Amino acid sequence: MYDAFFSVEGNTFISFHTSHLIMLFIYLIGFILLILFSTLKTRSSYGRIYTMIKWILFILLVMSEVSYQVWSATSGIWILSEYIPLHLCGIASITAAIALLLQNKKLATLTFYIGFLPALLALITPELPYDFPHFRYWKFFLHHIAISWASLFLILTSSISLKYSSMLKSYGLLLIYAAFVGFIINPALDSNYLYLRDTPLSNTPLDYFGDGMLYYVNLCLVALAVFSIQWGLVRFFKKA
């Protein structure tokens, strides 16, 4: 059992098989419960439930990242070019944990844009080498579920009014970060953070973004579309 969980080998993950669908179902149930919870702000039990959810999400985010670093290091496979949390969901995980801890509205807004739908899309099209019961299976799904849930939780449980300008600011910060990673980090480490040098090994929507400059243009346009969709959905439901 130890080898099946912690080994650097394991059963190959196959998208939309039982183990994948179960995690997507868990995500959906949690998503619905968070929406329902956001309607209970006038109930006396709201504060206790809020605190419980906040700390559960915080612990999941921190333990997922820490355990991943420990596993890769103790397995002898940790390298700078692959295991620093510089991908979008890695950054969203860090900002989500800090926003949960400090209740920082600016970080909560940024986390929502870079974490909610991006983490959900990662859950739908995982870049995952190992299936259940491997550690990487649990880490990937629990981590990305926690990122998306935390991103939504931060917005639903706060007085943040998402303005279009905040969406554009978040998008601008993402472009600046992508430029930093693309022009400095990736060349220096010979890495592929943010998938700016190549698409993931597994089949993802990025495979249809074209090559060369077209790939980068499509990345920018899709990121803007995803941010805009998130802004529109929150504005719609908060007015409903």
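The values are calculated or read from the model by the stated rules, or taken from the named source; none is laboratory data. The model shown is predicted, which means the values in this text are computed figures rather than measured ones. Please note: Cβ atoms are built from the backbone with ideal geometry, for glycine as well, and neighbour counts cover all protein chains shown. In case anyone asks, the SASA skips ligands and DNA or RNA and just uses the protein heavy atoms, side chains included. Shrake-Rupley method; radii C 1.70, N 1.55, O 1.52, S 1.80 Å.
Data for the structure
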| quantity | calculated |
| --- | --- |
| Label-point separation in nm, Glu127 to Ser44, each point 7 Å along Cα→Cβ | 5.1 |
| Accessible area per residue in Å² at 1.4 Å probe, computed on the chain | 55 |
| Peptides 153-161, 210-218, 20-28 ordered by average Cβ neighbours within 10 Å, highest first | 153-161, 20-28, 210-218 |
| Lys pairs under 28 Å by Cα in the chain, provided they are eight or more residues apart or on distinct chains | 27 |
| Whole-Hz couplings from phi, Karplus 6.51/-1.76/1.60, listed for segment 75-86; x for Gly and Pro | 7, x, 10, 5, 9, 4, 6, 10, 10, 7, x, 9 |
| Solvent-free Debye scattering, log10 I(q)/I(0), computed from the Cα coordinates of segment 79-124 at q = 0.25, 0.27, 0.33, 0.34 Å⁻¹ | -0.85, -0.92, -1.09, -1.12 |
| Net charge contributed by nearby residues that have their C-beta within less than 12 Å of Phe112 (K/R +1, D/E -1) | +2 |
| Segment 73-232 - percent of accessible surface contributed by carbon and sulfur, probe 1.4 Å | 70 |
| Local electrostatic count at Asp198 - Lys and Arg +1, Asp and Glu -1, tallied over other residues with Cβ under 15 Å | -4 |
| Model label zone, Val66; criterion: amide N under 16 Å from point 7 Å along Cα-to-beta-carbon; scope segment 149-178 | none |
| Calculated FRET value between Leu173 and Asn11, using beta carbons and R₀ = 45 Å, to 0.05 | 0.70 |
| Extension gain (nm, one decimal) between Phe236 and Leu102, 0.36 nm per residue minus Cα-Cα | 45.5 nm |
